[in-house]
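Structure, as C-alpha cells:
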Ligand SMILES: NC(=O)C1=CN([C@@H]2O[C@H](COP(=O)(O)OP(=O)(O)OC[C@H]3O[C@@H](n4cnc5c(N)ncnc54)[C@H](O)[C@@H]3O)[C@@H](O)[C@H]2O)C=CC1
Ligand SMILES: CCCCCC(=O)/C=C/C=C\C/C=C\C/C=C\CCCC(=O)O
C-alpha cells in the first residue's frame with residue numbers, strides 16, 4: 001500500500017489511460033478524485049469503484065479542464081473531503097486536427113490551468129505540503145508525427161512545461177515534483193476515432209502506422225509508468241518514454 005493516506009486528482013479519468021491511472025492509484029491505497037467532461041462514463045466508473053474499493057475512496061466531478069472555475073471547485077471539494085492533495089495527474093487530452101484551437105486549448109492551456117491550481121493548493125511556500133504532478137504527454141512530444149502537427153505541437157509544449165516547472169519548483173522550494181510520461185500508441189477511444197479527427201493530414205496515418213513497429217499498448221502499461229513517477233521521490237523533470245517493448249528516461253541537451 002505505497003500510497004495509503006495519499007490523495008490524487010486525475011483529469012480525463014473516466015476512460016482510457018485516465019481510468020487505468022485511477023485504478024492503479026486506488027489499488028495502491030490512494031484516495032482519488034476523478035475529473036472528466038463525460039458525466040455518464042464518470043458516474044458509471046465511480047459506481048464500479050464504489051463496489052470494489054468503498055464509496056469513501058473516490059469522488060467524481062464533471063469538470064472541464066478549460067474551466068478554471070470548475071477546476072477550483074473540484075480541488076476545493078477534494079480538500080474538504082480528503083483533507084489535502086498529494087498527487088495530480090494531468091491526463092485529459094484530445095487529438096483533433098480539424099478543431100485545432102480546441103486541441104491547443106485542452107492539451108496545453110487546460111494542463112497549465114490545472115497545474116497552476118495544483119500549485120496554489122500544494123506549494124509549500126503557500127502553506128501546502130508539496131507533492132507530485134504527472135503529465136501525460138506522448139511520443140508526439142519528442143518526435144514529429146506528421147499525421148497530427150497540432151497534436152505534436154501540444155505534446156512538445158507539455159514536455160517543455162513539465163521540465164521548466166520541475167526546474168522552477170526545485171529552484172524556488174515549492175516542494176513539488178513535475179514529471180511526464182510519453183506513450184506511443186495505446187488502445188483507447190482516442191486512437192479508435194483517429195481517422196475522423198486527422199482532417200487534412202489523414203493520408204499520413206498509414207505511413208505512421210507502418211513506421212511504428214510496436215504493438216498498441218494497454219492503458220495499464222502507461223498507468224504503471226505513472227505509478228513509478230509518483231512513487232520514486234528522486235524523479236523531478238524526468239520525461240519517461242514508453243513503447244510496448246521498452247521504456248526509457250530521455251536525455252536532453254543542457255543549454256542554460
Ligand atoms: N491513446 C494513445 O495512443 C495515446 C494517448 N496519449 C495521451 O493520453 C491522454 C489520455 O488519452 P486516451 O486515454 O487515449 O484518450 P481517451 O479519449 O480514451 O480518454 C480521454 C478522457 O479525457 C476526457 N476529456 C477530454 N477532454 C476533456 C476536458 N476538456 N476536460 C476533462 N476531461 C476531458 C474524455 O472525456 C475521456 O474520458 C491524452 O492526453 C492523450 O493525448 C498519449 C500518447 C498515446
Ligand atoms: C507512433 C506515434 C504514437 C503517438 C501516439 C499519440 O499520442 C498519437 C498518435 C496520433 C496519430 C498516429 C497516426 C497514425 C497511427 C495509425 C493507426 C493506429 C492504429 C493503432 C492500432 O490499434 O494498431
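The values are calculated or read from the model by the stated rules, or taken from the named source; none is laboratory data. Every value quoted in this text rests on a predicted model; they were computed, and no experiment measured them. No Cβ is skipped: glycine too gets one built from the backbone with ideal geometry, and neighbour counts run over all protein chains shown.
Remarks
- Matching residues, region 127-141, being touching a helix residue (DSSP H, G or I) at 6+ places or on another chain (Cβ under 7 Å) and over 19 Å from residue 9 (Cα atoms): 138, 140, 141
- Residue within region 62-82 that is under 19 Å from residue 161 (Cα atoms), surrounded by fewer than 19 Cβ atoms within 10 Å (Cβ to Cβ) and touching a residue at least 40 places away in the same chain (Cβ under 8 Å) present: yes
- In this entry, residue 35 is excluded by the filter for residues that are part of a helix (DSSP H, G or I), within 15 Å of ligand 1 (Cβ to nearest atom) and free of Cβ contacts under 8 Å to residues at least 60 places away in the same chain.
- The lone exception for residue 160 - which of (1) in contact (Cβ under 8 Å) with a residue 24 or more places away in the chain; (2) more than 14 Å from ligand 2 (Cβ to nearest atom); (3) in a helix (DSSP H, G or I) it fails: (1)
- Qualifying residue in region 203-219 (condition: within 27 Å of residue 115 (Cα to Cα) and touching a helix residue (DSSP H, G or I) at 6+ places or on another chain (Cβ under 9 Å)): yes
- Here residue 145 meets each of (1) within 12 Å of ligand 1 (Cβ to nearest atom); (2) under 23 Å from residue 22 (Cα atoms); (3) in contact (Cβ under 8 Å) with a residue 12 or more places away in the chain with one exception, condition (2).
- Cβ-Cβ under 6 Å pairs, at least 6 apart or on other chains, region 177-190 side within 24 Å of residue 38 (Cβ to Cβ) and at pLDDT below 95, far side more than 7 Å from ligand 2 (Cβ to nearest atom) and in a loop (DSSP other than H, G, I, E, B): none
- Members of region 98-124 that are part of a loop (DSSP other than H, G, I, E, B), away from ligand 1 (no atom under 13 Å from the Cβ) and over 17 Å from residue 174 (Cβ atoms): 98
- Checking each residue in region 203-218 for being surrounded by 13 or more Cβ atoms within 10 Å (Cβ to Cβ), out of contact with any strand residue (DSSP E or B) (no Cβ under 6 Å at 6 or more places or on another chain) and within 28 Å of residue 41 (Cα to Cα) picks out 216, 218.
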